[in-house]
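Engineer: This is the structure I have questions about; it appears just below.
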Amino acid sequence: MDTLLNPPGFLAKKRARLLGIDCSLPILCLLVAIAMLAIALVLPLYSLLSKSLEDRHGQFVGLANFRAYVADPSLMHSITNSLWVASLTTLIVVSLALMTAFALTRSRMPGRGLLKVLVMGPIFAPSLLPAISMVYLFGNQGVLKDLLMGHSIYGPIGIVVSMSFWCFPHAVMILCTALENSDARLYESARALRTSPLRAFMTVTLPSIKYGLISAAFVVFTLAITDFGAPKVIGGQYNVLATDIYKQVIGLQNFQMGSVVSVILLLPAVLAFAVDRWVQRRQVALLTARAEPLRVKPHRARDWSLLLLCTPVAVVILGVLGMAVYASLVTFWPYNLDLSFNNYRFDLMDGGGWGAYFNSLQMAGWTAVIGTLVIFANAYLVEKVPGLGPLRTLVHLMAMVPLAVPGMVLGLSYIFFFNEPGNPLNGIYGTLAILVLCTIAHYYTVCHLTLVTALKQIDGEFEAVSASLKVPFYVTCWRVTLPVCLPALLEVALYLFVNALNTVSAVVFLYSSQTALASVAVLNMDDAGDIAPAAAMGVVLMLTCIGVKGLHWGLSRLLLGRSQCWRQARA
Amino acid sequence: MNLKKLFYKLAAAGALAAAGALAAAVQANAATELTVYTAFEAEDLKRYAGEFENANPDIKVNWVRDSTGIVTAKLLAEKSNPQADVVWGLAATSLLVLKGEGMLQPYAPAGLEALSPKFRDADAVPSWIGLDAWVAGICVNTVEAEKLGLPMPSSWEDLTKPVYRGHLIMPNPNSSGTGFLDVSSWLQMFGEEKGWDYMDRLHTNISRYTHSGSKPCKLTATGETPIGISFAYQGAKLKKKGAPLELVFPREGMGWDMEAAAIVKGTDKLDAAKKLLDFAASRKANEMYNQGYAVVAIPGVAQPVEFYPENPESLMIDNDFVWAAGNRDAILTEWQRRYDSKSEAK
């Protein structure tokens with residue numbers, strides 16, 4: 001019908017006229033988005049990174065700090081270490097995540113619901129928890145120590161294993177979104193042409209999720225290269241860039257060298273962005289207006305072999321998390337294995353006790369609500385509003401930055417920026433608001449990518465048609481786009497909540513006496529030597545997240561039942 | 001129109017958040033509340049604040065606690081607009097850095113003359129005062145040592161014997177204050193050349209360096225390593241909890257650092273801050289520190305503490321803090337060059 005209503009020339013004229021009517025609002029929205037990202041991200045980072053070109057007294061010294069960095073062999077060595085660990089982690093995580101996501105979305109494997117809950121397990125707890133668990137499992141007193149055949153868990157092995165564990169859900173989340181929206185007609189054609197399942201996978205499935213696959217790889221790579229929790233707990237002698245920042249800033253109070261390392265860590269993000277742009281140009285919308293939702297039919301051989309492959313994944317996740325729960329209940333590892341709740345008496349320990357837990361809940365709630373709305377609005381502007389190319393690219397570029405910024409760098413830069421006496425936003429320093437802002441900025445990228453992936457799979461024709469019907473873009477957004485994206489939106493809200501509850505590295509510099517957080521308490525208790533209470537607090541956070549996940553599940557069912565019935569193919 | 005609703009909701013959410021922040025700010029101004037940055041052990045905080053508030057009912061202490069490195073980094077980062085009123089319980093080495101940055105307000109607390117000269121800034125009006133000393137110590141796990149057939153060490157020199165190869169853990173001086181006090185004390189005790197030679201030999205026995213100073217002893221307590229070079233306070237605490245630990249105080253002498261207190265320059269609650277420093281230097285406070293620390297600032301106050309040697313002060317080296325602070329960068333660079341590059345090769 002579109003050819004009937006919109007012959008090419010007619011359409012172009014229509015577009016131009018619509019642009020004339022509609023243009024000021026999108027521009028305003030985009031400018032607001034840019035201002036927000038600038039305040040939450042770019043300006044603070046600038047205030048820290050500019051230090052890489054200064055000496056200790058704030059004098060400009062050009063590239064002297066970088067020369068000092070290159071001259072130091074131990075610092076240079078960290079670069080190769082970081083690249084190696086991050087690449088290996090990426091390879092492991094993306095292949096396992098692809099398999100798992102495929103099993104979750106494209107099969108009728110028994111126990112899918114259970115697996116879906118389980119794979120989210122690792123992000124239900126602070127990243128320190130798997131590392132702590134690794135110590136209990138594979139440390140010198142570990143129960144499975146012999147599996148390492150004499151190798152030490154302290155070092156690259158420990159880092160890669162803990163990191164893979166912790167990054168896994170992030171990749172699964174992106175790949176599931178990519179796999180969820182697909183056009184059944186392509187598979188029907190493949191079947192009609194008697195294409196083998198393998199060939200169908202290679203020629204239909206893989207190309208359709210290429211964008212998600214590459215996103216997932218870069219998300220995992222940058223997460224792995226910037227995380228400092230796992231290398232700190234279990235890295236032993238293996239120096240990586242993230243722990244170098246820690247050493248420079250916390251150990252030596254050398255902010256200048258710390259910001260040099262931060263600049264080097266930003267390079268992967270720049271690369272990620274370049275690749276992302278390149279792939280995006282080639283991505284074709286999958287969910288056209290005429291798409292038929294894919295209905296997965298049972299297939300014995302496929303379903304059972306996937307079950308066989310996914311069982312070890314489930315067992316590992318259960319084992320690692322289960323070990324943490326067990327360790328939190330043991331009175332004094334490994335010499336007194338009586339079980340007790342002694343480690344849960346947080347008021348005797350570091351970090352603010354149960355008060356900190358309720359602060360965390362409040363912080364996570366705000367982050368989820370405000371974060372989801374803001375990020376969706378921005379992603380929509382980037383993806384769906386016509387014209388304004390350079391501004392949209394700018395928003396997208398800014399949205400990619402947080403992923404590459406180690407939490408510690410973000411936290412420190414917030415101090416420099418927001419605590420500047422001349423800053424009008426000085427008032428939010430030391431409040432819950434700065435924690436919320438920092439957390440949204442810290443986890444912005446994955447949410448943005450998830451929503452962009454979801455939006456990208458909705459055909460631009462929806463916008464074109466509504467534009468030709470003189471429906472303003474925000475009405476289309478509210479009536480069509482938002483409901484279609486609802487599953488992704490709910491995922492993002494959950495993701496933000498869970499990460500806000502568990503984040504450590506960024507907020508460790510920003511909490512005040514009134515806003516102590518439970519996740520920071522985990523770090524402090526671990527540092528102070530109370531490793532079992534640290535595990536216990538981690539378990540409390542994990543149980544909270546599981547509860548919220550349950551809530552999310554119920555809510556999804558309720559909302560999706562009403563807004564997503566179109567996904568159920570007409571029988 | 002539906003979008004309008006959404007906008008209203010957004011605006012309402014923003015306003016709510018702002019109101020919440022405002023409420024928190026107003027609440028904070030209700031009484032004289034001091035923001036105190038500290039690296040004291042968490043379990044001591046309630047007791048210390050309670051004692052102070054009993055003596056000064058009109059002042060309330062709000063703790064911001066973190067490890068030494070994070071508190072120091074935070075103070076330095078906030079330099080242009082300090083948030084802390086007082087620092088109570090941070091390593092003297094860190095306070096020397098802050099003093100060098102001109103961030104401390106000199107003040108002579110009541111009872112200053114009672115403090116041992118070691119435990120105060122040498123200036124006539126000191127920028128900081130010492131509270132108590134924490135000393136280096138070696139933790140040995142008796143169960144694991146027996147399993148591995150390791151003899152009990154009694155000196156720093158013993159630790160370089162081949163029998164201990166791969167069984168030692170110590171803190172990395174680049175990220176841990178305890179690690180730095182070990183290194184600086186060896187250099188002061190043995191002299192520079194012999195000190196580095198000692199560390200070369202020690203390095204061959206060390207399985208890994210940790211980021212935190214208390215961790216080696218903690219790892220010893222759980223049997224992750226048979227021997228950890230750490231500090232005595234942590235060892236005594238774990239031993240009390242029932243860990244199979246023996247604390248060794250090497251006969252050559254022990255490095256130490258002190259916990260110290262200072263007023264942050266520019267605080268708008270100077271009177272309350274002075275009262276806190278008066279209290280921190282008082283005899284009552286010294287008795288309070290003594291519950292965990294065997295050596296405190298006022299001579300003659302300290303009672304022996306369980307698991308510490310009879311007279312710990314005699315084992316403490318004559319630590320030259322100014323020398324250590326002045327040479328810190330050079331020492332750490334040299335340490336990093338010798339032991340930190342390619343160190344995963346083991």
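Here is a yes/no grid of residues against (1) within 16 Å of B:Thr35 (Cα to Cα); (2) over 15 Å from the mean Cα position of the chain (by Cα); (3) at pLDDT 95 or above; (4) facing chain A (nearest Cβ under 9 Å):
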{"position": "B:Asn81", "(1), (2), (3), (4)": "yes, yes, no, yes"}
{"position": "B:Val86", "(1), (2), (3), (4)": "yes, yes, yes, no"}
{"position": "B:Ser94", "(1), (2), (3), (4)": "no, no, no, yes"}
{"position": "B:Gly100", "(1), (2), (3), (4)": "no, yes, no, no"}
{"position": "B:Gln105", "(1), (2), (3), (4)": "yes, yes, yes, no"}
{"position": "B:Lys118", "(1), (2), (3), (4)": "no, yes, no, no"}
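Engineer: Does the stretch A:501-512 hold any residues that are away from every other protein chain (no Cβ under 14 Å) and assigned to a helix (DSSP H, G or I), and which are they?
Structural biologist: A:Leu501, A:Asn502
Engineer: Test of understanding: among A:Ser468, A:Ser513, which residue is over 21 Å from A:Leu128 (Cα atoms) and touching a Lys or Arg at 6+ places or on another chain (Cβ under 7 Å)?
Structural biologist: A:Ser468
Engineer: Select from the stretch A:241-267 the residues that are more than 11 Å from B:Ala73 (Cβ to Cβ) and within 9 Å of chain B (Cβ to nearest Cβ) and list them in ascending order.
Structural biologist: Listed by number, the residues that qualify are A:Thr243, A:Lys247.
Engineer: Okay, moving on. Among what's in the stretch B:59-79 and is more than 7 Å from every other protein chain (Cβ to nearest Cβ) and in contact (Cβ under 8 Å) with a residue 60 or more places away in the chain, pick the residue that is surrounded by the fewest Cβ atoms within 10 Å (Cβ to Cβ).
Structural biologist: Result: B:Ile59.
Engineer: Let me ask another. Which one of B:Leu277, B:Leu332 is assigned to a helix (DSSP H, G or I), more than 17 Å from the chain's Cα centre (by Cα) and modelled with pLDDT of 95 or more?
Structural biologist: Every option except B:Leu277 fails the conditions.
Engineer: Sticking with this one: Which residue is surrounded by the most Cβ atoms within 10 Å (Cβ to Cβ), if the candidates are limited to the stretch A:397-424 and must be touching an Asp or Glu at 6+ places or on another chain (Cβ under 8 Å) and away from chain B (no Cβ under 13 Å)?
Structural biologist: A:Pro406
Engineer: Can you tell me which residue is farthest from the other protein chains (Cβ to nearest Cβ) among those in the stretch B:246-255 that are surrounded by fewer than 24 Cβ atoms within 10 Å (Cβ to Cβ) and outside any loop (DSSP other than H, G, I, E, B)?
Structural biologist: B:Val248
Engineer: For a quick check of your reading of the model, give me the residue pairs whose first member lies in the stretch A:218-234 and is within 11 Å of A:Ile159 (Cβ to Cβ), whose second is charged (D, E, K, R), with beta-carbon atoms closer than 9 Å and at least 6 apart or on different chains.
Structural biologist: A:Val233/A:Asp526
Engineer: Of the conditions (1) away from chain A (no Cβ under 14 Å); (2) in contact with a Phe, Trp or Tyr (Cβ under 7 Å, 6 or more places away or on another chain); (3) under 30 Å from A:Leu412 (Cβ atoms), B:Ala133 satisfies every one except a single condition; which number is it?
Structural biologist: Here B:Ala133 clears every test but (3).
Engineer: If you go through the stretch B:280-329 one residue at a time, how many are touching a helix residue (DSSP H, G or I) at 6+ places or on another chain (Cβ under 7 Å), among the acidic types (Asp, Glu) and part of a helix (DSSP H, G or I)?
Structural biologist: Total meeting the criteria: 0.
Engineer: Assess whether A:Ser87 counts as being surrounded by fewer than 17 Cβ atoms within 10 Å (Cβ to Cβ), touching a Phe, Trp or Tyr at 6+ places or on another chain (Cβ under 8 Å) and among the polar types (S, T, N, Q).
Structural biologist: yes
Engineer: Could you pull out the residue among A:Ala364, A:Ala327, A:Ala368 that is more than 12 Å from chain B (Cβ to nearest Cβ), surrounded by 17 or more Cβ atoms within 10 Å (Cβ to Cβ) and under 24 Å from A:Leu541 (Cα atoms)?
Structural biologist: A:Ala364
Engineer: Could I ask something else about it? So A:Phe346 clears everything in (1) in contact with a Gly (Cβ under 8 Å, 6 or more places away or on another chain); (2) more than 14 Å from chain B (Cβ to nearest Cβ); (3) crowded, with 18+ Cβ neighbours inside 10 Å except one condition, right? Which one?
Structural biologist: So the condition that A:Phe346 fails would be (2).
Engineer: Given the structure, is A:Val522 farther than 21 Å from A:Leu321 by Cβ and more than 9 Å from chain B (Cβ to nearest Cβ)?
Structural biologist: Answer is no for this residue.
Engineer: Given the residues A:Gly121, A:Gly150, A:Gly113, which is the only one that is of a type in the set (Gly, Ala, Ser) and within 14 Å of chain B (Cβ to nearest Cβ)?
Structural biologist: Exactly one of A:Gly121, A:Gly150, A:Gly113 is of a type in the set (Gly, Ala, Ser) and within 14 Å of chain B (Cβ to nearest Cβ), namely A:Gly150.
Engineer: Could you tell me which of the residues A:Thr476, A:Thr515, A:Thr544 is within 11 Å of chain B (Cβ to nearest Cβ), of a type outside the set (Phe, Trp, Tyr) and surrounded by fewer than 22 Cβ atoms within 10 Å (Cβ to Cβ)?
Structural biologist: So the residue among A:Thr476, A:Thr515, A:Thr544 that is within 11 Å of chain B (Cβ to nearest Cβ), of a type outside the set (Phe, Trp, Tyr) and surrounded by fewer than 22 Cβ atoms within 10 Å (Cβ to Cβ) is A:Thr476.
Engineer: Shifting gears a bit: Being more than 9 Å from chain A (Cβ to nearest Cβ), small (Gly, Ala, Ser) and crowded, with 24+ Cβ neighbours inside 10 Å is the filter; apply it to the stretch B:204-240 and report the residue that is nearest to A:Gly229 (Cα to Cα).
Structural biologist: Out of the qualifying residues, it is B:Gly213.
Engineer: Has the stretch B:185-200 got any residue that is closer than 18 Å to B:Asp320 by Cα, of a type in the set (Phe, Trp, Tyr) and touching a Pro at 6+ places or on another chain (Cβ under 7 Å)?
Structural biologist: The answer is no; no qualifying residue exists.
Engineer: Do we have any residue at all in the stretch A:374-385 that's assigned to a loop (DSSP other than H, G, I, E, B), surrounded by fewer than 23 Cβ atoms within 10 Å (Cβ to Cβ) and more than 9 Å from every other protein chain (Cβ to nearest Cβ)?
Structural biologist: yes
Engineer: Please find, among B:Pro312, B:Pro299, the residue that is more than 14 Å from chain A (Cβ to nearest Cβ) and buried (at least 19 other Cβ atoms within 10 Å of the Cβ).
Structural biologist: B:Pro312
The values are calculated or read from the model by the stated rules, or taken from the named source; none is laboratory data. Computed from a predicted structure; not experimentally measured. Cβ atoms come from the backbone with ideal geometry, glycine included; neighbour counts cover every protein chain shown.
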